[in-house]
Amino acid sequence: MPLIRMRQAAAPEVDLQTTYDAVVVGSGAAGGMAAHVLTSQGMKVLMLEAGKKLDINNELKSMEWPYEHPRRGVMPPGSHALSLNEYTIRQPPYAAGSSFRHVYSYVQGWSGSDYSKNIVVDEKDHPYSGTSYAWVRARLLGGKTNIWGRLALRLSDYDFKGKSHDGYGEDWPIAYADIAPYYDKVDLYLGISGVKENLPQLPDSLFQRPNTLAAAEVTLRNSLKKMDRVLTPYRAGVTTDGLKHNKYRSKCFGRGACSRRAGGCDIHAAFDSPTGLIYPALDTGHLTLRTNATAREVLVDPKTGKARGVAFVDTETGRSYEARAAVVILAASTLESARLLLLSKSTTHPNGIGNSSGHVGHNFCEHVMGPGVTGLVKDRIGTPRTLDDGRPGNFYVPRFRNLKDRNPNFIRGYGFEGGAGTTMFPEHASGTPGFGATFKKSVRDRAGAYISMGGFGEVLARYENYIDLDPTLKDRWGIPTTRFHYKFGDNEKKMCEDMANAAQEMFEAAGFEILDVTRNMLTEGWSIHELGTARMGTDPKTSVLNQFQQSHDVKNLFVVDGSSHVSASCQNPTWTIMALAWRSCEYLATEFKKGNLS
Amino acid sequence: MSDHDNELTRRDVIKLGAAATAAVSLGVGHAEAQARVGGFLTESEFAILDELSEMIIPTDSHSPGARAAKVAAFIDSQLAEAWEEKDRSDWRRGLGLVERLSQQMNGTPFVKSSSEQRLAVLTRMAQNESKPEEPEEQFFRELKGRIVYAYYTSEIGIKQEMEYKGNTYQAEFAGYDVSKP
């Protein structure tokens, strides 16, 4: 299948004498969206990215067979992925004293780790401290969007108005109706696959060609209907029909590459920020990109207290630079943006810029993972081989708890991600007992006969869960590092008990033989969905940003990533991050043109 | 920083080249005849591993087994470049246990035993698979895990044994489209 690989226009050189209209720190989902919206409004934008611009297709090699790789896809010797035990038993910094040459987060323990080793950070260069936390970071153009899980969900008023529903926490300063038009824009601009279900807790998107289900998944879907629950095909942030307006991305051809690796798509059917947002923004001629630029401080005009630019360190040479801009936009990820706000101390902002409330770093929340179930689908044993892993995802079971009813043990809810069917590597083989011809036949006959799912639960936003700066520990560039003060609480524990029970109950009702029920929670951070730390709100005393992700304290400072989220919901955040950033940047551009930000 | 990294990369490349050469040179005919460039195991250790791999995943009427898939050669190349010395010493000890067990049970070297005798040794090693206690039982789990990975990531394992149909361009997704009534 010949595919034309488009090269983006050469980027203009960064000019540090110029005052740009806006400087954006970070190039992931949020930063990419900021660049897209602002450049399409004609603003001159400088984007700073801490990592490299990798030749990503050469990294991902999506179609390479395991046996074409000398180590069958595994990282070189001396490269170590942190295990669950290491996260649980030890305290960060996890790479301290390690005899390995490189130490990576747990995602590098997945298959195909050699293809993502340059995408995720080396923990040796990026230490952190405090409580246990499995922090996954990617520093390169596009950030984690290069390997994200692609589940693209909308939030609903059960999330935006959670406090009104159950009395806990704070409502968001927006309602679903405010953000719905921007979800639509994201759907149309980037492409999304899914099936309409008309659920109040999980609003539908403007879907392209849907994902399909494997036979056992259809069985579960039909069974759940009787329990008034839903199994819907994976809502994938993948263009399945193609995008006429984007020459850098192909439609999905069901090659199955996304399920064999940490993620990543070398035809860019799966959304990633570079091909989806940044290359088109570069084509406008309004975007300047500076990679290898590690931001270390938001610079402040001492007379006005307003932001005047960003100080950064060249990641390769260690040299320091200053970029000037009329508006500063942070999109460095939930934890890195909060760290940057805290690092930006000045006489006018002694606790860090935008932090007069003392809430920066606090109200940190995410999704709890761990509980799940694996079942055997007996009527699939020995059936002819099907192709089930070509799809860009399998299935999702939306939240069903605490909607119309009230669970006595916990508030909020959880959803499940799961899958059934054949995969390239038979994961069940090493657990199939015995050896010899009987063993071999059993592995063959049972391929595609397993089904499993695992929960993602809302972790409540709590003031006492927070990050701050470590007083002594510094990263490779001499910048003070993040220190965690973060633990799951009682609501999460109770929710996880229910998650395991509900998972088992649903598989039993579908007639699957239960092989394993997992009840333990995984380490904090495992979901890679960290949120909060600079929340939006109407009250400047208890929130950091207004409804347009604009600092209450500093009107030309915006934080457009997941740090702005008021609560975690149980739905995956990427699509919401982009819809919010779109809405805020439209507002930003309008205000900028009116002269209201200067 | 970049110079340092490049140097590491170059070294990695040289190592990879050696491993790849080892895999290729092992690729023909019966194991004992091989000259194993860059491998770790001795010829007799390699012969034991090669035999064990074929006993665990044998050729049957459906597809070729672990020997044809060059499973032992892949494991040997992994051991040769393993970062931790313990990986190598554990495997040397494990294969030594197999040989000792064979002498104890049958009074003959493992590879020179009859197929019944070899089966008795492997059966003994596998007897507590779900809860291994003895050193040879623990080694069976390690052995089987690596053989399974090597076999089912090989071309024979993926295409002939498992008849995997993917990793191709497809106009439509296989499966059921539930958006249609």
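Rounded to the nearest 500 deg cm²/dmol, what is the calculated helix-only ellipticity per residue at 222 nm for the protein assembly as shown, with -39500 (n - 2.57) per DSSP H run of length n ≥ 4?
Per the formula, -9000 deg cm²/dmol.
Round to a whole angstrom and tell me the spacing of the C-alpha centers of the range A:28-86 and the range A:251-283.
10 Å
Treating only the Cβ of Lys, Arg, Asp and Glu as charged (+1, +1, -1, -1), what charge dipole size does the range A:63-137 show about its Cα centre? Round to the nearest 20 debye.
Numbers: 7 positive and 7 negative charges, 26 e Å.
Here the size comes out at about 120 debye.
On average, how many beta carbons from a partner chain sit within 10 Å of the beta carbon of a residue in B:79-89?
Working: counts 0, 1, 5, 2, 8, 5, 0, 0, 1, 0, 0.
Mean shielding count: 2.
May I ask you to sort A:Y176, A:Y414, A:Y486 by Cβ crowding, counting other Cβ atoms within 10 Å and putting the fewest first? Intermediate values should be presented prior to the final figure.
Working: A:Y176 18, A:Y414 27, A:Y486 21.
So the ranking, lowest neighbour count to highest, is A:Y176, A:Y486, A:Y414.
Just checking the output field for A:226-233: average partner chain Cβ neighbours within 10 Å of each residue's Cβ?
On the way: counts 0, 0, 0, 0, 0, 1, 2, 6.
Whole-number average of other-chain Cβ neighbours for A:226-233 is 1.
If you average the C-alpha positions of the range A:496-574 and of the range A:104-180 separately, how far apart do those two centres end up, in angstrom?
Measuring centre to centre over Cα atoms gives 9 Å.
Just order A:124-131, A:41-48, B:124-131 by mean Cβ neighbour count inside 10 Å, highest at the front, would you?
On the way: A:124-131: 18.4, A:41-48: 22.6, B:124-131: 15.1.
In descending order of packing, they fall as A:41-48, A:124-131, B:124-131.
Which of A:M578, B:M105 comes first, and how do the rest follow, when ranked by fewest Cβ neighbours within 10 Å? Numbers along the way, then the final one.
Working: A:M578 33, B:M105 14.
So the ranking, lowest neighbour count to highest, is B:M105, A:M578.
For the pair A:Y463/A:K378, report the inter-label distance in nm, with labels modelled 7 Å from Cα in the Cβ direction.
Computed distance between label sites A:Y463 and A:K378 equals 5.6 nm.
Relative to the longest principal axis of the C-alpha atoms of chain A, give the angle of the C-alpha long axis of helix A:215-225, reported between 0 and 90° and rounded to the nearest 10°.
That works out to roughly 80 degrees.
Using Cβ counts within 10 Å as a stand-in for footprinting exposure, how do A:I467, A:I192, A:I174 rank, fewest first? Before the final figure, lay out each step's value.
Details: A:I467 27, A:I192 24, A:I174 17.
Going from sparsest to densest Cβ surroundings: A:I174, A:I192, A:I467.
Any chance you could give the angle, 0 to 90 degrees and rounded to 10, that helix A:574-594 forms with the longest Cα principal axis of chain A?
So the inclination is approximately 20 degrees.
Using Cα atoms only, what is the angle between the long axis of helix A:490-509 and the major principal axis of chain A, expressed in degrees (0 to 90) to the nearest 10?
So the inclination is approximately 30 degrees.
Placing +1 at every Lys and Arg Cβ and -1 at every Asp and Glu Cβ, with all other atoms neutral, what dipole size does the protein assembly as shown have around its Cα centre, in debye to the nearest 20? Walk me through the intermediate numbers first.
Numbers: 91 positive and 93 negative charges, 246 e Å.
Taking the Cα centre of the protein assembly as shown as origin, the dipole is about 1180 debye.
Per residue of B:140-151, how many C-beta atoms from partner chains lie within 10 Å of its own C-beta, taken as a mean? List each step's numbers first, then the result.
On the way: counts 1, 1, 0, 1, 7, 3, 1, 3, 9, 7, 3, 3.
Taking all residues of B:140-151 together, the mean is 3.
How high is the relative contact order of the range A:63-137, in percent, with contacts defined as C-alpha pairs under 8 Å that are six or more residues apart?
Details: 102 pairs, mean separation 27.5, N = 75.
So the answer I get is 37 percent.
Over chain A, calculate the relative contact order: mean separation of alpha carbon pairs under 8 Å at least 6 apart, over the residue count, as a percent.
Numbers: 1482 pairs, mean separation 123.8, N = 598.
After rounding, I find 21 percent.
Just want to confirm a number: the relative contact order over the range A:489-598, from Cα pairs under 8 angstrom separated by 6+ residues, in percent.
On the way: 109 pairs, mean separation 20.6, N = 110.
Relative contact order, the range A:489-598: 19 percent.
No value in this document is a laboratory result; all are computed from the given coordinates. Values in this document were obtained by computation on a predicted structure and should not be read as measured data. Positions of Cβ are generated from backbone atoms using ideal geometry, with glycine treated the same way; all protein chains shown enter the neighbour counts.
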